[in-house]
1. With the crude spin-label approximation of a point 7 Å out along Cα→Cβ, what separation in nm comes out for Tyr128 versus Leu28?
2. Go through segment 51-160 and name the GluC sites (Glu not before Pro) that are in a DSSP coil and have 13 or fewer other Cβ atoms within 10 Å of their Cβ.
3. Taking Lys132 as the anchor, which lysines have their alpha carbon closer than 18 Å to its alpha carbon, excluding any fewer than eight residues away along the same chain?
4. Using DSSP to call loops (not H, G, I, E or B), can you name the trypsin sites (Lys or Arg not before Pro) in segment 63-132 whose Cβ has at most 11 other Cβ atoms within 10 angstrom?
5. At R0 = 25 Å, how high is the FRET efficiency between Gln103 and Gln135 if r is their beta carbon distance? Nearest 0.05 is fine.
6. Using a basic spin-label model with each label point 7 Å from the Cα along Cα→Cβ, how many nm lie between Leu38 and Leu224?
7. Would you kindly compute the Cα radius of gyration of segment 22-238 and its largest Cα-Cα separation (Dmax), both in Å?
8. Where does each of Trp324, Trp226, Trp109 land when they are ranked from fewest to most other beta-carbon atoms within 10 angstrom?
Amino acid sequence: MIDPGDLRIFADSFMNAGSWLLPFLLMLPGLSLLQRRLSARQRGREGEAQVGRALERLFPAVAHDLILPNGRGDLTQIDHVALTPKGFLVVETKHYRGMITGQTEDPHWIQRIGRRRHEFQNPRRQNYAHVKAIQALGLGVPILEHVVFTNTAHFPDGLPAGVSRLATIAQDLEACRRGRISAALRTAWGQLLSQARRDHASRRAHRRGLRQRYGRDPQVVKALVWFGLAGTAALALWLFHQPFSFDVEPMHGRLPAAASVTTPASRLPLLTTSAVMSSPSPRTQPSRDLEIAWADPAAPSHESEDCRLAIAAVLIANTAESRWRRGKACARTTDQP
């Protein structure tokens, strides 16, 4: 038979161990958000790699992931720039899934995946900023722009102007491939590569500028909130399980010492049962011992020896019998002449 005490101990141990699961449970939503964000970033890199390989098959020179000043004191990142007979072709890659809706003049386009809806900046406008950054270098060559979506996205309203799918990029960019690349274009291409930045410090500065302009990624912010809640819960549990002790020093001068505090009850002597039953006697101080003083034998007295002994017996044991003996002995003495 199971002892109820053992069950209680097991339940308490289980609850103490289970309480530590709370911080880990609070971390799960944050980890899920970060995993989703990292997956989206990884998909973006995969999409850029796919489009980059397609462009390298079409054009003799292609540069990827360039960092350039945007002319407004910040930096901008360009996915691809291709050297073509018609000029520099600036390509923006979008590796989005689901259904995409939007027109060339719209500031934002919409991505729908099931019931989820996500707004993102019009890639045509985004790529126009890249074109202006290259033009600000003063290379003196034509700058073209194009947006390429990978095959994972579809457009129910049709592709907007200047937008291609990866499967049809060769046909859509056929006009840019006709002709010969001039020496001026090649010289300008060398100047572009010399002014472009690809170091890690420039990439960090670019990401910092994006955070200042658009704020932090909402998914990252939500993940940090969940991590903060998990850390707070872990700290609270740790403090809850700590054995705290509070040392309180006595407050001298506030209250008198316990020995000096007197009450009416403490000033009264303790009475025994025999004392309560006896006749009233002179009250003595509790701190003094009871003393029996004998009368001076030389003093004249009419009391007999039996009377004095009877009185002493009453003082020693105040009982009914001793009082009766005292009265009998002393009565004989008083009857004598």
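1. Between Tyr128 and Leu28, the label points sit 4.7 nm apart.
2. Glu105
3. Lys86
4. For trypsin sites (Lys or Arg not before Pro) across segment 63-132 that sit outside H, G, I, E and B with at most 11 neighbouring Cβ atoms in 10 Å, the list reads Arg115.
5. 0.50
6. For the pair Leu38/Leu224, the computed spacing is 1.8 nm.
7. 20.1, 73
8. Trp324, Trp226, Trp109
We did not get these values from a lab; they are worked out from the coordinates using the rules stated. All values reported here derive from a predicted model rather than from experimental measurement. Reconstructed Cβ throughout: ideal geometry from the backbone, glycine too, with neighbour counts over all protein chains shown.
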